[in-house]
Amino acid sequence: MQRVSVGERLSPEEIAGLAEAPDILPLGMLADVLRRRLHDKAVTYLRVARCAFDQIMAEAVSPAAREVRLTGAPDTLPIAVSAVSRARGIAGDRAVSGFSWGDVERLARAGAGSVSEVLGELRTAGLDAVAELPMDRIDSLDEAVDLLTAAGFSRLRLTVDSAAAAERPALFLRAAVLQERGGAIQAINPLPMVLNAMRPTTGYSDVKMVAIARLAAPNVAMIQVDWLRYGPKLAQVALTFGADDLDNCSPSDDAPDGKRRAPLEEIRRNVDAAGFTPVERDGRFAVVG
């Protein structure tokens, strides 16, 4: 605790030992000390408008959204570029994200050019970020990060597709090494993007992985929890285990059950109740207001 509180890095062996330990409360305390050292009481949140790339987008983009995130996997690069261009026209100065690293590689293999050329065309069309960069699905994470930064994607969010909990500490340590080298990694989302109904994760393992990610990569600014995918209860507890950013929050301001049940109020209320200060950010990681 003393070492973490003054900013000393834990060794890979220590991270591995913490990941194997069954008692998560001391682990959570360590991660909380570090996140408070980095961010004090601030917890950022991002309101995202999710739009299928092949559907009409205008009605799906709430004025309150701070990012437009394209979903789905286009078959060709021209279709992907067209979707990004349409999203950019609707988003205005707001961020546009979309697709996964696997989509980028698939489009390149389909004859659209090299990975660099695909990234360049998407960036020129108005894409601010590749939405999913799964550390457990990218063959060469170093090369992917280099290609992304060379194409102008300067704030990267690393994700996990479906890696087992035992495999993830090594991924987080690798992300920390990459961050030391280039400084382009803005956030890590340490919980799986793909949920297996036959082998669901548990709250115990989820908050443990959040804490391990925070401790393994103290040089990465944000450890995220997906609000839509994991829900307010898990997200709230994760804040006390080292998380400091809530991604993929609803942009709706509808309140059919009263103001206190409005999506924005629910986000703020859960952050407040955990003892932190809610701070809205945009899709480029800048604080709003």
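Where a number appears in this text, it was derived from the coordinates with a stated rule and is not lab data. As the structure is a prediction and not an experimental result, all values here were calculated from the model. In this analysis, Cβ positions are derived from the backbone assuming ideal geometry, glycine residues included, and neighbour counts consider all displayed protein chains.
Worth pointing out:
- For the chain, the share of alpha carbon pairs falling in successive 10 Å distance bins from zero is 6, 29, 35, 23, 7, 0 percent.
- Volume in Å³ per residue [convex hull over Cα atoms, computed for region 169-289]: 121 Å³
- Alpha-carbon centroid distance for the pair region 37-71 / region 126-198, whole angstrom: 19 Å
- Restricting attention to the chain, close to 5% of DSSP beta bridges with both partner residues there are antiparallel.
- Applying the criteria of a DSSP loop state and at most 11 other Cβ atoms within 10 Å to the GluC sites (Glu not before Pro) of region 1-37 yields Glu8.
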